[in-house]
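Each remark here refers to the structure printed beneath this line.
The values are calculated or read from the model by the stated rules, or taken from the named source; none is laboratory data. Everything quoted here is computed from the prediction, not taken from an experiment. All Cβ positions, even for glycine, are placed from backbone atoms using ideal geometry, and neighbour counts span all protein chains on display. Heads up: the accessible areas ignore ligands, DNA and RNA and are worked out on the full protein's heavy atoms, side chains in. Shrake-Rupley method; radii C 1.70, N 1.55, O 1.52, S 1.80 Å.
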Amino acid sequence: MSTLVSQSERPPPPAPAGSGARKLTERAFRIRESGIIVVLVVFVAVTASVQPRFLNITNIQFILVNTTVFALLALGETMVVISRNYDLSVGSVLGLSAYLSASLFGGHPGFPIPLAFLAGLGIGLGCGLLNGVMVAAGRVPSLVVTLATLYIFRGIDILIVGGKEVVANSLPSAFLDIPKSTVFGIPTLAIVIAVVIAIGAYYLRSFRSGRELYAMGSNPEAARLAGIPVGRRVFVAFTVSGAIAGVARVLWAAQYQTVDSNAGTGYDLTVSAAVAVGGVSIVGGSESALGAAMGALLREMVNSALDVPATST
């Protein structure tokens, strides 16, 4: 008996060397964003070794500023996709919102910049409301609804804009300076958008209404049986997505400075691709707001890498 007791009281054998590092590595690779982080690091290393100009501070700032619009659009799209829905109209609304917001400066000299952002927010909110009502209340598949509104919004944009365009000369210098402002060499706009992405990721992972989007995407019928207001959550997701995208469209006007009826063409698939690359499942129930932003960053890095060799000397 004493032998058995003494054996049971023996301290556990020491963990094998390197087990702590192994566990840390396993935890790191369980993070949804770990895959795209590895891809980003490898891509930057390979591209910089081939073309050192890729890591030029000006080029890095250019990449970060270009990423902000797509990162915001990807955040809104993520909220819709994880609920097992789709929004294909973001590009068309971008052109409409960007033109109407930017044209306020030309038609009303001295127009306040914050009001222009509110106008973009309102336009995006209205478009999101329309999509949300038809999907949630009308029970029409989101793919059908947003494919239709893609062409409807683009048609309205063409009718309003026609052959006209907003040019840099009609925009206030303070508005054009928004993408140029930096803090310790980092674009201020990129810092602000990074904070917004972090808030969005925290909301989706920590708040009940955000977690319910996961449940809806994983199994809509089970979510209904569990008492989750599926229709309301879908409506809110489309509305918030439209509002976020409305602000992104005003930033697009500040960045590109020239807005016509073709603004935002092709952005629909580009944003969806960034979301998918970032780890958001296209069948819903799985999200990574941070990963979607990283997908947008990877897209801009690839585009920049293709351009840098052509401009090198």
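Note on the stretch 276-313: residues that are within 15 Å of Ala71 (Cα to Cα), modelled with pLDDT of 75 or more and either open to solvent by less than 20 Å² (accessible area, probe 1.4 Å) or in a loop (DSSP other than H, G, I, E, B) (or both) amount to 7.
Does at least one position in the stretch 143-158 carry a residue that is touching a strand residue (DSSP E or B) at 6+ places or on another chain (Cβ under 9 Å) and not charged (D, E, K, R)? No, because not a single residue in the stretch 143-158 is touching a strand residue (DSSP E or B) at 6+ places or on another chain (Cβ under 9 Å) and not charged (D, E, K, R). If you go through the stretch 101-120 and keep only what is closer than 10 Å to Val250 by Cα and open to solvent by 60 Å² or more (accessible area, probe 1.4 Å), you end up with just Leu118.
Beta carbons closer than 8 Å, at least 6 apart along the sequence or on distinct chains, never pair a first residue in the stretch 62-76 that is without any contact (Cβ under 8 Å) to a residue 12 or more places away in the chain with a second that is aromatic (Phe, Trp, Tyr) and in a helix (DSSP H, G or I). On the given criteria, is Leu147 open to solvent by 10 Å² or more (accessible area, probe 1.4 Å) and free of Cβ contacts under 8 Å to residues at least 60 places away in the same chain? So Leu147 fits the description; yes. Screening the candidates Gly120, Gly107, Gly124 for the property of being over 18 Å from Gln257 (Cβ atoms) and not polar (S, T, N, Q) yields one hit, Gly124. Go over the candidates Val42, Val93 one by one and state the one that is modelled with pLDDT of 85 or more and either among the hydrophobic types (A, V, I, L, M, F, W, C) or more than 30 Å from Asp157 (Cα to Cα) (or both). Just a single option satisfies the conditions, and that option is Val42. A count restricted to the stretch 150-174 and to residues that are assigned to a helix (DSSP H, G or I) and surrounded by 20 or more Cβ atoms within 10 Å (Cβ to Cβ) stands at 4. Selection within the stretch 221-233: residues that are assigned to a helix (DSSP H, G or I) and open to solvent by 10 Å² or more (accessible area, probe 1.4 Å). The member of this set that is farthest from Pro187 (Cα to Cα) is Leu225.
Considering only residues that are in a helix (DSSP H, G or I) and of a type in the set (Phe, Trp, Tyr), look in the stretch 175-213 and name the one that is most open to solvent (accessible area, probe 1.4 Å). Step by step, filter the stretch 175-213, then rank; the result is Tyr202.
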